[in-house]
1. On the given criteria, is ALA90 modelled with pLDDT of 95 or more, part of a loop (DSSP other than H, G, I, E, B), among the aliphatic types (A, V, I, L, M) and surrounded by fewer than 19 Cβ atoms within 10 Å (Cβ to Cβ)?
2. When you go through CYS108, CYS97 one by one, which is the residue that is closer than 14 Å to ALA136 by Cα, modelled with pLDDT of 95 or more and either in a loop (DSSP other than H, G, I, E, B) or in contact with a strand residue (DSSP E or B) (Cβ under 7 Å, 6 or more places away or on another chain) (or both)?
3. For region 107-121, give me each residue that is surrounded by 15 or more Cβ atoms within 10 Å (Cβ to Cβ) and out of contact with any helix residue (DSSP H, G or I) (no Cβ under 8 Å at 6 or more places or on another chain).
4. Looking at GLN77, GLN56, which is the one that is out of contact with any strand residue (DSSP E or B) (no Cβ under 6 Å at 6 or more places or on another chain) and at pLDDT 95 or above?
5. Restricting attention to region 64-81, report how many residues are in a loop (DSSP other than H, G, I, E, B), surrounded by 14 or more Cβ atoms within 10 Å (Cβ to Cβ) and in contact (Cβ under 8 Å) with a residue 40 or more places away in the chain.
6. Are there any pairs with C-beta distances below 8 angstrom linking a residue in region 127-151 that is over 12 Å from ALA69 (Cα atoms) and exposed (fewer than 14 other Cβ atoms within 10 Å of the Cβ) to a residue that is modelled with pLDDT of 95 or more and among the β-branched types (Val, Ile, Thr), with the two at least 6 apart or on different chains, and if so which?
7. Which residue is nearest to PRO88 (Cα to Cα), if the candidates are limited to region 128-145 and must be β-branched (Val, Ile, Thr) and assigned to a strand (DSSP E or B)?
Amino acid sequence: MDRTDGSGFTSTSIQRGAVALAACCAYLSPVDGQHSPSPISLPAAHAEASPCGAEQVTVVVKGQGTGCASAGVTGRQALEEAGFSLTPVAKFPGMICRIGGVPDNTDCNDAPPADSYWAYYHAPLGGDWSYSTRGASDSTTRIGTVEGWAFGAGEEPGSVPEATSADSAPEADQHTDTEPDQQTDGADTADGSAVASEENNGSAWLPIIGVIALISALIGTGFAMKKRRAVDHNTFNGEL
């Protein structure tokens, strides 16, 4: 039969609570060789670096590739200089009908429709596209800019190439190590992995330590209540 001194706790309830917390503790215990999963990081999307020199202009044709041209020429000249073939509109020679044979379903006699034409764009390296307000024959290319072309209903040419950093390319007389030294870098990597593993294991034990402390407190409370009841009982018998 359970006994209570009016506090609401009985010896049986304390024992049951201790058993439940012990089971929780066992559930939270880490298994050897297992660690908490790390958050998954996805690589951020980024534009490719321009293949052109610092004094050149980058030309991008969507679906066909990237080329390089000189600064100070017209957009049309830059397109051809970058290696792309073009076909003008017969009735309007200033307009471009085809680039690289696209589209192949027109005779290029009349102006193309509004939903199937080559849209012309400009952008600074690593910047954003701006729709050209001038025709390619009336536009002049500038250093550090990108000429963009896309076929359709005004679609953009895709990602704007980034500027090429001179610091990222090693000099001709420099040797760049791509593999870690087995005696130094490899050891540092192993030490770093060991430290990270110890930190993960230490963090995993924090909730378990808290549960153990709570179990100890409950067991101590149960013993104190039992002792108190024994003292009260002896005192009551002495008064009688």
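The values are calculated or read from the model by the stated rules, or taken from the named source; none is laboratory data. Because the structure is a prediction, the values reported are computed rather than measured. All Cβ positions, glycine included, derive from the backbone under ideal geometry; neighbour counts span all protein chains shown.
1. Against the criterion (modelled with pLDDT of 95 or more, part of a loop (DSSP other than H, G, I, E, B), among the aliphatic types (A, V, I, L, M) and surrounded by fewer than 19 Cβ atoms within 10 Å (Cβ to Cβ)), ALA90 qualifies.
2. Among CYS108, CYS97, only CYS97 is closer than 14 Å to ALA136 by Cα, modelled with pLDDT of 95 or more and either in a loop (DSSP other than H, G, I, E, B) or in contact with a strand residue (DSSP E or B) (Cβ under 7 Å, 6 or more places away or on another chain) (or both).
3. Within region 107-121, CYS108, PRO112, TYR117, TRP118, ALA119, TYR121 meet the criteria.
4. Among GLN77, GLN56, only GLN77 is out of contact with any strand residue (DSSP E or B) (no Cβ under 6 Å at 6 or more places or on another chain) and at pLDDT 95 or above.
5. Adding up the residues that qualify gives 2.
6. Matching pairs, first to second residue: ASP128/VAL160; ASP138/THR74.
7. THR140
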